[in-house]
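K.L.:
Mind looking over this structure? Questions follow.
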Amino acid sequence: MSLTSKAGEAGVNRFHGRFLWYELITTDPKAAKAFYTEVVGWRLREAAPEMAYSLFMAGEQPVCGLTELPTDARAAGLRPHWIGSVGADDIDAAAAKIARLGGVVHIPPTDVANVSRFSLVADPQMAAFSLFKWQDPEHELPPEPNIAGGVGWHDLLTTDCENAFAFYRELFGWQKAATDPDTTGAYQVFSNGEQMIGGIFTKPATEPTPFWLFYFTTADIDAAAQRVRAGGGQILEGPSVFAGDMRVVRCVDPQGAMFALTGIRSKKSIGYFKPSTSSDPSASRLFGRK
């Protein structure tokens with residue numbers, strides 16, 4: 001599936017409704033830095049020591065950030081997780097609309113000095129995400145999804161697919177896209193204009209709440225999956241066939257944050273993993289944690 005877009009053309013807003021940023025909120029930033037730089041191949045850059053905030057870089061371009069999970073959040077039961085930020089033309093209006101549509105505004109619209117305006121929110125099924133707007137209108141778009149270290153796909157795992165999609169369609173204008181005829185089970189692909197963003201499917205019972213899952217692109221899916229295990233992470237599923245030659249692996253990092261990898265199988269693959277013949281990203285054995 002392609003994530004190409006005409007976002008830069010005249011008259012087309014290149015940010016609204018598009019995933020622009022991702023953050024890992026974790027209990028052990030030092031260990032997480034070592035794990036993801038090894039597994040995904042990102043470079044590390046410290047953004048601001050006084051803020052204890054780090055950047056993961058694909059080449060020279062930032063892809064996502066990393067920060068520590070606050071003590072009070074841990075006490076409340078929040079576990080390490082990834083969260084995605086979606087562009088909105090008007091953060092205040094979008095946050096108000098979320099409340100009207102039955103979602104939750106956890107953090108009201110807030111400015112990050114000279115960087116962005118954001119609001120931490122959740123959809124009506126309680127999948128968390130962030131509204132986001134760069135203060136600089138000429139800010140770069142995220143790296144291309146198909147380059148190593150880019151974000152290649154987004155999945156929403158939820159309890160009510162139809163109502164969840166209706167919420168995002170009303171909020172961002174997302175559209176349903178044709179579902180792969182080879183896909184078994186209920187997996188709805190969706191787009192932002194001509195840009196394919198990801199899919200929606202019903203979460204497994206083993207996961208307590210709905211959430212967004214992000215797929216990081218690698219050059220060799222088998223080698224990356226082996227690095228996950230070597231680094232102390234867990235493989236939940238895969239490599240599984242996704243589309244064409246693409247494979248996906250769904251994982252948990254050593255601190256417990258769920259993520260996924262996408263890429264092709266190298267001709268030099270040693271066959272450590274048994275291939276899956278499923279082309280359904282919502283395969284029933286998905287995410288069975290031990």
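Read-outs throughout are calculated quantities, based only on the coordinates presented, and are distinct from any laboratory measurement. In this text the structure is predicted, and so the values were computed from the model without any measurement. Heads up, the Cβs are rebuilt from the backbone with ideal geometry, glycines too, and the neighbour counts pull from every protein chain shown.
K.L.:
Restricting to Cα atoms and excluding each atom paired with itself, what does the Kirkwood estimate give for region 19-134 in Å?
P.N.:
Hydrodynamic radius (Kirkwood, Cα pairs) of region 19-134 is 15.1 Å.
K.L.:
Counting alpha carbon pairs within less than 8 Å and at least 6 residues apart, what relative contact order, in whole percent, applies to region 151-264?
P.N.:
Values: 211 pairs, mean separation 28.4, N = 114.
Value for region 151-264: 25 percent.
K.L.:
What order do you get for Glu138, Glu237 when you list them from fewest to most C-beta neighbours inside 10 Å? Please report the intermediate quantities before stating the final value.
P.N.:
Values: Glu138 5, Glu237 18.
So the ranking, lowest neighbour count to highest, is Glu138, Glu237.
K.L.:
Could you give log10 I(q)/I(0) at q = 0.20, 0.23, 0.26, 0.29 Å⁻¹ for region 131-179, computed by the Debye formula over C-alpha point scatterers of equal weight, without solvent?
P.N.:
-0.99, -1.06, -1.07, -1.09
K.L.:
Starting with the fewest neighbours, write out Val189, Val252, Val112, Val39 ranked by other beta-carbon atoms found within 10 Å of each beta-carbon.
P.N.:
Working: Val189 20, Val252 17, Val112 11, Val39 24.
Ascending Cβ contact count within 10 Å gives the list Val112, Val252, Val189, Val39.
K.L.:
Identify the residues of region 129-169 with backbone N under 16 Å of a label point that sits 7 angstrom from the Cα of Leu78 along the Cα-to-Cβ direction, or state none.
P.N.:
129-131
K.L.:
If the limit is 28 Å between Cα atoms, which of Lys33/Lys176; Lys97/Lys176; Lys97/Lys203 go over it? Mind showing how you got there, number by number?
P.N.:
On the way: Lys33/Lys176 36 Å; Lys97/Lys176 21 Å; Lys97/Lys203 25 Å.
Violating the 28 Å limit, Cα to Cα: Lys33/Lys176.
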